[in-house]
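Asks: Here it is: the structure, laid out below.
Every number in this text was worked out from the coordinates using simple rules, so none of it is lab data. Predicted, not measured: the structure shown is a model, and the values here were computed from it. Glycine also receives a Cβ, built like all others from the backbone with ideal geometry; neighbour counts cover every protein chain displayed.
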Amino acid sequence: MDNRFAKVLPVNLLPSVCVNPFQIIVRWKNTHASKYSMTNNDVLRKVRYIFDYEDSKMMSIFAHAGKKVSREEVSKWMKKDDDPEYLSMNDELLATFLNGLINEKRGKREGEQPVPEKKLTNNLIFNKLKIAMNLRADDVLEVLELSSFRLSKHELSAFFRNPSHKHYRECKDQVLRNFLKGLQLKYRSAWGEANQT
């Protein structure tokens, strides 16, 4: 086997009999793919980065949805997964934050406020971000194209259908990750340019 691969591959895979060294790489990716799935903390970190929110602003957004959180909690949610002080964020907390983001960006609607979901999916996260940014289908497609990811309007609409609808489609991490990347390219870049003028 080419020594170049021996330097980068996990030791437990090196003894494997393999005609083609690239097969080992595929095996390693498949074995460890779950480690790279998006978490609620990833989404929260990304939104914070996109809009350059400080701790006080993050706390304010939670408050917009009727939830009081401490600066310490925000700090722990922002930490990397391997940090001893890392605090995992559950679905209901992220749903609360996204509801608060909608109120922050669009204004708080009168009357009863939406109850944060106890179980979130990528589809719901995607939709809440779309609503918060007041994006139409064409706008969302443009954001995705900024990260070199393309979908048709038909494919996009399937993400926002009722799960019981026959054309409903599960939103995979790849789609949500590219949407967040596109938002970063669109809004973080715009924020940076505004500060330079």
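Asks: Based on the Kirkwood radius over alpha-carbon pairs, what is the Stokes-Einstein translational diffusion coefficient of segment 50-197 at 25 °C with 0.890 mPa s viscosity, in µm²/s?
Replies: Here the translational diffusion coefficient equals 147 µm²/s.
Asks: Seen from all sides and averaged, what is the projected area of the convex hull of the Cα atoms in segment 121-197, in nm²?
Replies: Averaged projected hull area, Cα only: 5.2 nm².
Asks: Once fully extended, how much extra length lies between LYS68 and HIS165, figured as 0.36 nm per residue of separation less the alpha-carbon to alpha-carbon distance?
Replies: Here the segment from LYS68 to HIS165 would lengthen by 31.3 nm.
Asks: Would you please give the FRET efficiency between SER37 and GLN113, computed as 1/(1 + (r/R0)^6) with r the Cβ-Cβ distance and R0 = 30 Å, to the nearest 0.05?
Replies: Approximately 0.50, to the nearest 0.05.
Asks: Another question, if that's okay. Ratio to report: Rg/Rh of segment 68-155, with Cα atoms as the point set and Rh obtained by the Kirkwood method; give two decimals.
Replies: So for segment 68-155, dividing Rg by the Kirkwood Rh gives 1.03.
Asks: Using a 7 Å offset from the Cα along the Cα-to-Cβ direction at both ARG106 and LEU185, what is the distance between the two label points in nm, to one decimal?
Replies: 2.5
Asks: In whole percent, what relative contact order does segment 121-197 give with Cα contacts below 8 Å and a gap of six or more residues?
Replies: The value is 35 percent.
Asks: So if R0 is 22 Å, what FRET efficiency would ASP55 and GLU85 give, r being the distance between their Cβ atoms, rounded to the nearest 0.05?
Replies: 0.90
Asks: What residues qualify as long-range amide H neighbours of LYS79, i.e. H under 5 Å apart, gap of 5 or more or another chain, H built at 1.01 Å from N?
Replies: For LYS79, the qualifying residues are LEU87.
Asks: Can you pull a Stokes-Einstein diffusion coefficient for segment 39-106 at 4 °C (1.567 mPa s), Rh from Kirkwood over Cα pairs, as a whole number of µm²/s?
Replies: 109
Asks: Further, regarding this structure: Within segment 77-146, which trypsin sites (Lys or Arg not before Pro) sit in a loop by DSSP and count at most 15 neighbouring Cβ atoms inside 10 Å?
Replies: Filter output for segment 77-146: LYS79, LYS80, LYS108, ARG109, LYS118, LYS119, ARG136.
Asks: Any lysines with Cα under 21 Å of the LYS130 Cα? List them, leaving off those in the same chain fewer than 8 positions away.
Replies: LYS46, LYS57, LYS105, LYS108, LYS118, LYS119, LYS153, LYS172, LYS181, LYS186
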